[in-house]
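Only one structure is covered here, and it is reproduced in the block below.
What follows draws every value from the coordinates through simple rules; no lab data is involved. From a predicted model like this one, the values you see are computed outputs, not experimental measurements. Cβ coordinates were reconstructed from backbone atoms using ideal geometry, including for glycine residues, and neighbour counts include every protein chain displayed.
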Amino acid sequence: MLGYAIAFAVAAGVTWLTTPLVRRGAIRIQAVVHPDDRRVHSAPTPTLGGAAMLIAFLAAMGVASRLPQFRPVFQGSSEPLGVVLAASVMFAVGLLDDLREVSAPAKLAGQAFAASVLFLLGVTLFYFRVPFADIVVLSPDLAPLVTVLWVAVMANAVNFMDGLDGLAAGVVGIAAGAFFLYSHRLSDVGLLAPENIGPLLTAIVCGMCVGFLPHNFHPARVFMGDSGSLLLGLLLAAATMVVGGRTADQFSGQTYFFFAPLFIGFVILGVPIFDTIWAVIRRARRRVSVTEADIQHLHHRLVQLGHGHRRAVLILWAWTAILSAVVLFPTFTNRGNAAVLPLIAGLGVGLYTLLHPDVRRRNLEPVPDERSPSDAA
């Protein structure tokens, strides 16, 4: 664990130290987000926090490349270079949108380009086991498409979630930490090759989020912007692909759900992915573009229900941590497999019930005055 701890510490320390510098630079070039109807912050706030994250990512990767423990990861493999180049491309796409808003098709094209860089340099998934089915081996012509789709889904999931101070950084940090524990467990039992870059990526991503949170928790002094959220989404996509898409062997003592490591990402990142799917359905029902912003995301609904800004963030952090614990418990104990899916379903139903629009409207309706007219007078 020492090498991973060093990579985590470098990522956290560099992010924490460089974020104030990036904040000053953002103010100087007027990269500031002003309050409006669809944003919950009340004061102009500088953005571009993703620049500090990218610097920290490059620094952590550079340090890791010099550690003997990670020699198999960096020697004889193009994957580290692919992740670095793709991360830089994705950061540039988000940075352009932060500085001057670009159209949704142009942003999606940039995400596809970043995903293509990943695929061309070997960062892709080869196969995964589908529940109630067998292993799906991706053909060479299908693998690029799946890679692009996976990166786009993960990047936009994190981007859609970045609506409250500290929410995206906290959820991604928890998810990355949980996925690191899962992938490290697979390494311990011999199901991941020593040269697999997935555990290192998740350790670095977790460190980036931990280092950014002191500057981003409510009231935020800086936002990560699209440059940060898209960067985090790409790194999570790369990590889940090289872990889930490279593990074909069954993990002894676990049910079908854990025979498909790629689906771990769906569960651990349940909050942003559920929010993304619901946002697409909601906008389709309204017959508006899926890229049109609104204030009906999970975090907005929690605030509208009366939870304060910090409490809404902490609730979603807790939900992500619970989902992660549900996944990780059988992974380390080989017990409780049968309870996993019912627990996940129960959590989903509970959250849906709490945040359903009818429940929110009922909670927001004024209490009728039952006093008589004379009493009221």
5 angstrom amide H check on Val33, placed H, neighbours 5+ away: Thr45, Thr47
Least to most buried among Leu191, Leu167 (fewest other Cβ within 10 Å first): Leu191, Leu167
Spacing of the two label points (7 Å from each Cα toward its C-beta) at Arg71 and Arg28, in nm: 4.2 nm
Under 15 Å, Cβ to Cβ, from Pro20 - net charge with Lys/Arg +1 and Asp/Glu -1: +4
Full-extension gain in nm, Asp141 to Ala318, via 0.36 nm per residue minus C-alpha separation: 59.7 nm
Contact order relative to length of the range 1-130, as percent, for alpha carbon pairs under 8 angstrom and 6 or more apart: 24 percent
Amide proton proximity set for Tyr127, modelled H, under 5 Å, gap of 5+: Leu138
Label-point separation, Glu195 to Arg310 (7 Å along Cα→Cβ), nm: 4.9 nm
Label-point separation, Ala104 to Leu81 (7 Å along Cα→Cβ), nm: 3.7 nm
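If we count other beta carbons within 10 Å of each Cβ, what is the order of His34, His215, His184, fewest first?
Values: His34 9, His215 22, His184 17.
Least to most surrounded, the residues fall as His34, His184, His215.
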FRET efficiency for Asn334 and Leu120, using Cβ-Cβ distance with R0 set to 35 Å, rounded to 0.05: 0.35
